[in-house]
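What follows is one structure encoded as structure tokens, with my remarks underneath.
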Amino acid sequence: MTSRADDDPAAGHARTLLRTATRYSGSRCAALCLVSIAATGAGLLLPAALGRALDLLLAHAPATRWVLCCAGLVLLLGLLDAVQTVLTGTVDARTTAWLRRRLTGHVLGAGPRAADRFGSGDLVARLVGNAAEAGTTPAARAALVAALAGPVGGVVALGLIDWWLAAVFLAGAPVLALLLRAVSRDTSESASRYQRAQGRIAAALAEAVEGVRTVRAAGTEDRETARVLRPLPDLSRAGHRMWRVQGRAAARAVAVAPLLQLAVVAVAGVLLTRGRFSVGEVLASSRYAVLATGVGVLVGRLAGLARARAAARRLGEVEAEPTTAFGARRLPDGPGRLELRGVTARRGGRTVLDGVDLDVPGGTTLAVVGRSGSGKSLLAALAGRLADPDAGDVLLDGVPLRELPHDDLRGAVGYAFARPALLGGTIGQALGLGLPSPSPGRIREAARTALADDFVRRLPDGYDTAVADAPRSGGEAQRLGLARAFAHGGRLLILDDALSSLDTVTERHITDALFGDGPGTTRLLVAHRGATAACADAVAWLDGGRVRAVGRHEELWRLAEYRAVFGEGAGPADTGDSDVPPVSDTRGGNGEGHDGMSGRIRPAAAAGDGTAP
Ligand SMILES: Nc1ncnc2c1ncn2[C@@H]1O[C@H](COP(=O)(O)OP(=O)(O)OP(=O)(O)O)[C@@H](O)[C@H]1O
């Protein structure tokens, strides 16, 4: 038998999230519940005290005690209301903060997958807007319990005065119950649609802001505005429906409740004429009838709770996205040997990498080349476990990356990207990101290697300049990204197109420094330029999801199709033979390495299709 959580994982996650969040604000929630119920109790006592005081006053009997009692209850109600307001605010704030912390950690733990699935704008809408709405759930539940206690207490009080009064009320109660059920269901549905439309607007807005230069260049501001706001009619329909549901419920309540109150007062009047009731009891009955039919408050509370739960469900969808699990196997000492064994990765329903095998000995540099979309960045992401393959394994010094603990893995692998995101308050902090104790000396040394030190020192506050106040070109940003990767260190350095915006002289300087830094680091380099590939010990040429060949750049350069990857036509070096040597041919005569690189970088036996194209 499957549970509801199995049927709808997002709803299951939403329930767990709300349960844990409620526990987090547990004592305040309990206090809020008690205060709300106490306020309802005081509200229930007031009519009885009022009735009693009125009877005594009409009978010219001493009524001071009861009048004081009424005044005390009114004061207490005011006080409890104030405490309730403060507690509701703090519970909402704490729960929202907890949800945002939890979801932010989860999104970052899930990696690029969450951003790919939801889009950054929608994620922001969920973590900011929906978290705030979902954060009201514990307080809304407490308020609902108290709001329910009012009508229930009212009916009980009517029954205590005379069972006829309760019977008259209960005869009409099913209509009210149906009304409330419809409010809860319809509001929940409309709130989900409303929040989804909000998310779509946020996602489109984030895209438009990111691409604002393209939009300006194309002169399509109006069209883009229309695209961003396309979900508005949907949003408006859902919003109107929400108000209609509440309005209709309130109108029905207005029609039904006074009828029930009138019926109760009529019965109380009959009992008064028969001498069974005093005037005070008639007053109390009419007040309790109003309390018992207090559906207006309930409608508001139920609608609020339905909106909060719809928002929590959207958070549950994010929470359902699995995070990366890490192992406990320690990384042994080693040179940084990287192995890909039968690595297959699918994206967008397409197999981008299909059973790739590579073996990169420690301390060597492998350049990965291939046409645009051939899977170079994906391979780089798999090599440092920014993503997991759908099949096969990636190993560092003999240990599958999946089995490594988070800190061992991140400490061992450094990354630089084509468009590095600089995170941190100052440039110095951004360069030391991820280091347990970033020393200024280490950061400066790394910046010098990346040829970034000069322009950083020219900034108003040098390394202490706020990232937001440090204008930088694409090449300067890349040099900062490289500096961060160099400062990070580690036995494996992955440069995913991280040199593409550098001028050729700067690139030459950096590659010289990079490849001359001794045998301590293994490097995987996504390269678009022949000059970059030429610096590497070997090149892995990706084509059609496979490693077409591995060899030194100058060796592969003899092949016209290889040259075509770099946009070069057939030249004097062209042998006229378009056949790619099988992988085994590229290894050289000893069957291990290639062209003097024996045993250094080689595809595993099955790597590459090994056939002529
Ligand atoms: N999240 C994703 N969803 C769908 N397809 C994806 C996703 N990520 C990558 N792809 C596809 O996988 C293929 C390989 O992408 P990748 O970025 O690795 O190529 P690349 O060789 O680095 O290209 P380039 O040289 O243009 O940077 C591309 O066709 C790309 O569209």
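The values are calculated or read from the model by the stated rules, or taken from the named source; none is laboratory data. What you are looking at is a predicted structure, and each value in this text was computed from that prediction instead of being measured. With ideal geometry, Cβ positions are generated from the backbone for all residues, glycine too; neighbour counts draw on all protein chains shown.
Worth a mention:
- Close pairs (8 angstrom Cβ cut-off, 6 or more residues apart or separate chains): at positive phi in the stretch 520-532, in a strand (DSSP E or B) and away from the ligand (no atom under 12 Å from the Cβ) anywhere: none
- Verdict on Gly414 being assigned by TED's automatic domain parsing to the domain that holds Arg479, within 30 Å of Asp453 (Cα to Cα) and at pLDDT below 95: no
- Helices (runs of 4 or more DSSP H) enclosed by the stretch 348-435 - at least 1 residues per element that are within 16 Å of the ligand (Cβ to nearest atom), touching a residue at least 40 places away in the same chain (Cβ under 8 Å) and surrounded by fewer than 20 Cβ atoms within 10 Å (Cβ to Cβ): 376-383
- Screening Gly316, Gly342, Gly304 for residues that are in contact (Cβ under 8 Å) with a residue 40 or more places away in the chain and at positive phi leaves exactly one candidate, Gly342.
- Restricting the stretch 162-205 to residues that are aliphatic (A, V, I, L, M) and within 18 Å of Val128 (Cα to Cα), the residue that is modelled with the lowest pLDDT: Ala191
- Listed by position, the helices (runs of 4 or more DSSP H) inside the stretch 198-304 whose residues that are touching a helix residue (DSSP H, G or I) at 6+ places or on another chain (Cβ under 6 Å) number at least 2 are 221-228, 232-273, 279-292.
- Residues that are buried (at least 18 other Cβ atoms within 10 Å of the Cβ) and β-branched (Val, Ile, Thr) within the stretch 337-347 comprise just one, Val343.
- Positions within the stretch 504-532 being touching a Lys or Arg at 6+ places or on another chain (Cβ under 9 Å) and at pLDDT 80 or above, in sequence order: Thr504, Thr506, Glu507, Ile510, Thr521, Thr522, Val526, Ala527, His528, Gly530, Ala531
- Close pairs from the stretch 254-270: first closer than 15 Å to Asp162 by Cβ and in the same structural domain as Val297 (by TED's automatic domain parsing), partner assigned to a helix (DSSP H, G or I) and at pLDDT below 80, Cβ under 9 Å, at least 6 apart: Ala263/Phe169; Ala263/Gly172; Val264/Phe169
- In the stretch 305-342, of all residues being among the basic types (Lys, Arg) and assigned to a helix (DSSP H, G or I), the one that is nearest to the chain's Cα centre (by Cα) corresponds to Arg314.
- Test result for Gly269, surrounded by fewer than 18 Cβ atoms within 10 Å (Cβ to Cβ) and at pLDDT 85 or above: yes
- Enumeration of residues in the stretch 128-140 that are crowded, with 20+ Cβ neighbours inside 10 Å and part of a helix (DSSP H, G or I): Asn130, Ala131, Glu133, Ala134, Thr137, Pro138, Ala139, Ala140
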